[in-house]
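K.L.:
After the C-alpha cells below, expect a handful of questions from me.
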Amino acid sequence: MNATPTIETSIEPHAPHWVRRAAFPMLAALFFLTQASLGFAVYRANYWLAALLALVSSHLMHSMLIGFHEASHGLLRKSRLLNEIDGIIIGIFSLMSFSLYRAAHQLHHAYLASERDEELWPFVHPHMPRGTRVLAAVLELTMGLLFTPFLFVRTFLRRGSPIRNKQLRRRIWTEFAVTALIWTAILTVLAVFDAWKYFLWLHLIPAWLAANMQSFRKYVEHVGLTGSTVNSSTRSIVAEGWVATLVNFTLLHEPYHGVHHWRSGLPHPELPAHAAALEPHQEEERPPFRTFGAAVHDLFINLADPRVGAQWLGVTRTTRQELTKQQLN
C-alpha cells in the first residue's frame, strides 16, 4: 500500500558510521541500564535522583517508540523475525497492536496529509470544528499514552475502516488479546507484591512523558502545514553541531522526516545522506529548518488552529498528484 514517491538527490549516498547503524541497540542498552539505576534509586528512596533518571528514561522510551516505527517499516532488524518480535514487544508495553500500527502507518505514507491520513485525524478534515481539533491537540499532547492508542483503535473499529483484510484483523485482535493477558499478569504481580511504587517510577511516569514526547514530535513534523507536496507538508530539521548530532542519534534521525516520506525504505542511518531531497522544488516549499527551536516555533504559531493538508486551501487530491509528478520530473 506504500505509495511514497522517491527522488534522486545530488548527494552521493555513503555508508553511515557504525555508531549510527548501532544506534538502536546502544539506546536499548542505555534504557535498561537507566531502568536498573532508577529501580535502585527508588529502593533507596532517593527521589531526587529518581526524578532525574525518570526524565532520562522517558527520553529513551521515546527512542524505543521510534524503534517501533522503524520496525513497522521492517527496518529495525535485518532478521524479519526479530524485527517482528521487537515490534510486538514494544507494542505490548505501549498499549498498541504492532500490526494495527503498521497498517495505519502505511495509510499515513500513502495519503500523507490528505483526508485519508488516519494518523493526522482530525486535523486533516476541513469540516471539523476548530474546538474539536484544539481539544484533540490538548489531549494528544498531554495524554498521549491513552490518546495515541485511541487514535489507532478508532481507525480499526470505526465504520468504513480502511483495514478490511480478515486475516490482518484477526491478527490485530490476537495482539490485543495477548496484550491484555500480559498486562493482567503484570498488574496481578504488582498487586501481590505491593510493588506499585516501582511501577509508578519505572514505567508509568516515564511512559506518560515518552508518549507526550512522541505526540509533540509528530506535531512538529506535520501539524500546521497546509502544503500539497511532501516537503511542504512535513517539517524537516537539518541541524549541525554536536548537540544536534546527539539528538539525531537518540531520535534515530527522525528530524530528517521529509527524507523518510520520500524514501520510506531507507534505514534511519542513511537518511542524512539524502538531505538534498529536502531543498525546495516548488514555490510553496521552504528549506529545512536549521535548528530544532525554529521548527518548534513554527509549530507553536500554528497550534491555535491545528490543521494539516492542502485540502484546507481548496487543493484537490488531483492537484496534489499533479504537483507530485511535477516535482519528480
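K.L.:
In a GNM of the chain with a 10 Å cut-off on Cα contacts, which of 102, 80, 164 has the highest mean-square fluctuation?
P.N.:
Ranking 102, 80, 164 by mean-square fluctuation puts 164 first.
K.L.:
Okay, next question. Helix-only mean residue ellipticity at 222 nm, the chain, DSSP H runs n ≥ 4 weighted -39,500 (n - 2.57), per residue, nearest 500. What is it?
P.N.:
Counting only the DSSP helices, I get -18500 deg cm²/dmol.
K.L.:
Find how many whole Å separate the alpha carbon centroid of the range 61-75 from the alpha carbon centroid of the range 255-313.
P.N.:
So the two Cα centres are separated by 19 Å.
K.L.:
Now, a different point. Beyond 16 Å, how much of the Cα-Cα pair distribution for the range 237-292 remains, as a whole percent?
P.N.:
It works out to 39 percent of all Cα pairs.
K.L.:
Most fluctuating residue of 180, 210, 239 in a GNM of the chain with Cα springs under 10 Å: which is it?
P.N.:
Of 180, 210, 239, the most mobile in the Gaussian network model is 180.
K.L.:
Among 122-128, 63-69, what's the highest-first ranking by average C-beta atoms within 10 angstrom per residue?
P.N.:
63-69, 122-128
K.L.:
Sticking with this one: Match the structure shown to one of the listed values (1) -0.30; (2) -0.21; (3) -0.32 of log10 I(q)/I(0) by the Debye sum over Cα atoms at q = 0.06 Å⁻¹, computed from it, and give that label.
P.N.:
Among (1) -0.30; (2) -0.21; (3) -0.32, the one calculated here is (2).
K.L.:
While we're on this one: Determine the per residue accessible area of the range 216-310 with all protein chains present and a 1.4 angstrom probe, expressed in square angstrom.
P.N.:
Heavy-atom accessible area per residue stands at 36 Å².
K.L.:
Calculate what fraction, in whole %, of the accessible area of the range 177-329 sits on carbon and sulfur atoms when a 1.4 Å probe is rolled over the protein chains.
P.N.:
Of the solvent-accessible surface of the range 177-329, carbon and sulfur hold 66 percent.
K.L.:
Going Cα to Cα from residue 78, which aspartates and glutamates come in below 17 Å? Please leave out same-chain ones fewer than 8 positions away.
P.N.:
70, 86, 270
K.L.:
Here's a follow-up. Springs between alpha-carbon pairs under 10 angstrom, Gaussian network model over the chain: which of 174, 34, 155 fluctuates most?
P.N.:
In the Gaussian network model the winner is 174.
K.L.:
Here's another thing I want to ask about it. Is the range 56-153 rounded, prolate or oblate when judged by the Cα gyration tensor, a ≥ b ≥ c being the square roots of its eigenvalues, rounded requiring a/c under 1.5 and prolate requiring a/b larger than b/c?
P.N.:
oblate
The values are calculated or read from the model by the stated rules, or taken from the named source; none is laboratory data. Because the structure is a prediction, the values reported are computed rather than measured. Methodologically, a virtual Cβ is constructed for each residue, glycine included, from the backbone with ideal geometry; neighbour enumeration extends over all protein chains shown. Heavy atoms of the whole protein, side chains included, go into the accessibility calculation; ligands, DNA and RNA do not. Shrake-Rupley method; radii C 1.70, N 1.55, O 1.52, S 1.80 Å.
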